[in-house]
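A short worksheet on the structure shown next.
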Amino acid sequence: RRRARKSKKHSEGTPAIMSAEQADVQEQVSLQNNTVDDPTFGPQPIDPETGERLFRLPVDEKHRAFKMQPWRFDRPHMRAFFFAWSHFFIAFFGWFAVAPLMTTIKEDEKLGLGTKKARGNSNVIAVSGTILMRLIIGPFSDRYGPRVASAGLMTIFSLPVYLIGTAQNYASFCTARFFIGFLGATFVVTQYWTSIMFAPLIVGTANATSAGWGNLGGGVTNALMPQFFNMFVAFGLTEQQAWRVAMVIPGTMALAVGVLLYFFSDDSPDGNFRDLHMSGAKQKTNPWLAMKRASVNGRSWILHLLYATCFGVELIMNNNLASYFTEEFGLSQGTAGLVASLFGLMNLFARSLGGIASDYFSKRFGMTGRLWVFFIVEFVEGLFLLLFSRLRVLGAAIAALIAFSTCVQMAEGATFGVVPFVDPVATGAVSGIVGAGGNVGAMTLGLLFANFDGPEAMLYLSFVVIGVSFLVFPLMWGPLKVIDTESGRAVAAGKEIDDELVESRSSVSVAA
């Protein structure tokens, strides 16, 4: 059993909050176990010296919160939630900051972006780098903790966001976009972080909300980057100077949030992984064994493909929608960016809605309920994309876009309502494989936009989404059925394997 930190560290500056009902049971304190009985949520840990609760929110036996209160900023749960979604939001903002400015950027002949194929390949490169980093960052988070992983990604890869403004040819421009794409790996950390901070009862909602609010950055960057560009032009810069200077804004945002979250958040409810390792409260895991374990689990790869056709589609839309509305509907760069931002802005609620629906139907029908929600929203996503590809009236196209986007985000939320149950012992590695699926989808399916006109590419993409949605059914029945359990036992191989990833036993694990 892991040891909790003292309340001074978790509740610094936060008074103990006791309702009348809780006060009635405060006398039922077990001095031996350092807990107080809560009639609703069971035993709650307390500081043996002061008798105050260690956590503001009610928690389970692993100190994962039973409630989510996004308006709060308390350590450890809600502070982690805030940084989980906000750093992903800024990562998304920087990752796609170039896309809404492409109408201007392509006019610079030195950059070689004059053809549709060159721009399409540039968009594919922008999402390809994330694949490798997402596979790496999952097991890295299992070993070193989400705080360290996030801080490293945000600070190191803020540099190419700054440097893309110095690009002088196609190679340097695409190289910068490739490394900027590494910021997209923050998604895996976000999902891992909320998975270890919140109890299975609400993990779908927590995962979906943190990721949805983070994905919102893709919509906001479509809306704001053209306005930043216009601001610098108004200050007297040329258009080619203005887009380059504008990239300083997302670069600075990424660097700042990376530093802040490192110093002002926690890896887990019980503290930072480094301190827990040193105290012996948490054993070190071998990241390579975690990845090996997740990679031989067929469920990981089915979800990988399914995520390719929801999050992968979102990445494709973030890269192409602004140009699509400019070319197909004749909108200006600024107006097209605002219209395209509607797709990302649905993240404000839609991804959370997918997680909430997943949690709700899980309470009534178990894992089967989660998976039916997943199938329905992904299938309908494909239908609305098909409709959007056929429309040529702007108002109708915007309405279809909003409905399509809502289903995309709900499918993403439903995906990570399932992921924590695939293999709780290697959640970070599983999240990495599934998360990488989004970038694989964006990279491969994004080639449609490099080889076909926008409407035809959208149509073919809708056929892929509809077909892949049926892969949900193997997760309901048969040997790849996902078990509705929060335990790390009997998830994949039907045997007790909680200690398989402990570093000191790595040789035994490999032999097994």
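Details
- Lone qualifier among Gly152, Gly204 - being assigned to a helix (DSSP H, G or I) and out of contact with any helix residue (DSSP H, G or I) (no Cβ under 7 Å at 6 or more places or on another chain): Gly152
- Some residue of the range 156-169 being open to solvent by 10 Å² or more (accessible area, probe 1.4 Å) and under 20 Å from the mean Cα position of the chain (by Cα): yes
- Tally of residues being open to solvent by 60 Å² or more (accessible area, probe 1.4 Å), out of contact with any Asp or Glu (no Cβ under 9 Å at 6 or more places or on another chain) and either outside the structural domain of Thr103 (by the TED database) or assigned to a helix (DSSP H, G or I) (or both) across the range 219-249: 7
- Subset of the range 39-91 [crowded, with 23+ Cβ neighbours inside 10 Å, of a type in the set (A, V, I, L, M) and closer than 30 Å to Gly181 by Cβ]: Ala80, Ala84, Ile90, Ala91
- For the range 182-190, the criterion of being open to solvent by 10 Å² or more (accessible area, probe 1.4 Å), out of contact with any Leu (no Cβ under 9 Å at 6 or more places or on another chain) and in a helix (DSSP H, G or I) is satisfied by no residue at all.
- Long-range neighbours under 8 Å by Cβ, at least six apart or interchain, first residue farther than 16 Å from Thr415 by Cα and free of Cβ contacts under 8 Å to residues at least 12 places away in the same chain within the range 342-365, second assigned to a helix (DSSP H, G or I) and open to solvent by less than 80 Å² (accessible area, probe 1.4 Å): Lys363/Gly369
- Some residue of the range 116-125 being farther than 30 Å from Ala426 by Cβ, over 24 Å from the mean Cα position of the chain (by Cα) and not in a helix (DSSP H, G or I): no
- Phe375 vs. criteria of a type in the set (Phe, Trp, Tyr), closer than 20 Å to Thr209 by Cβ and either open to solvent by 40 Å² or more (accessible area, probe 1.4 Å) or touching a residue at least 24 places away in the same chain (Cβ under 8 Å) (or both): no
- Unique match (being open to solvent by 30 Å² or more (accessible area, probe 1.4 Å) and touching a Leu at 6+ places or on another chain (Cβ under 9 Å)) among Arg390, Arg364: Arg390
The values are calculated or read from the model by the stated rules, or taken from the named source; none is laboratory data. Everything numeric here is computed off the predicted structure, so don't read it as measured data. Methodologically, a virtual Cβ is constructed for each residue, glycine included, from the backbone with ideal geometry; neighbour enumeration extends over all protein chains shown. Note: areas computed on protein heavy atoms with side chains; ligands, DNA, RNA excluded. Shrake-Rupley method; radii C 1.70, N 1.55, O 1.52, S 1.80 Å.
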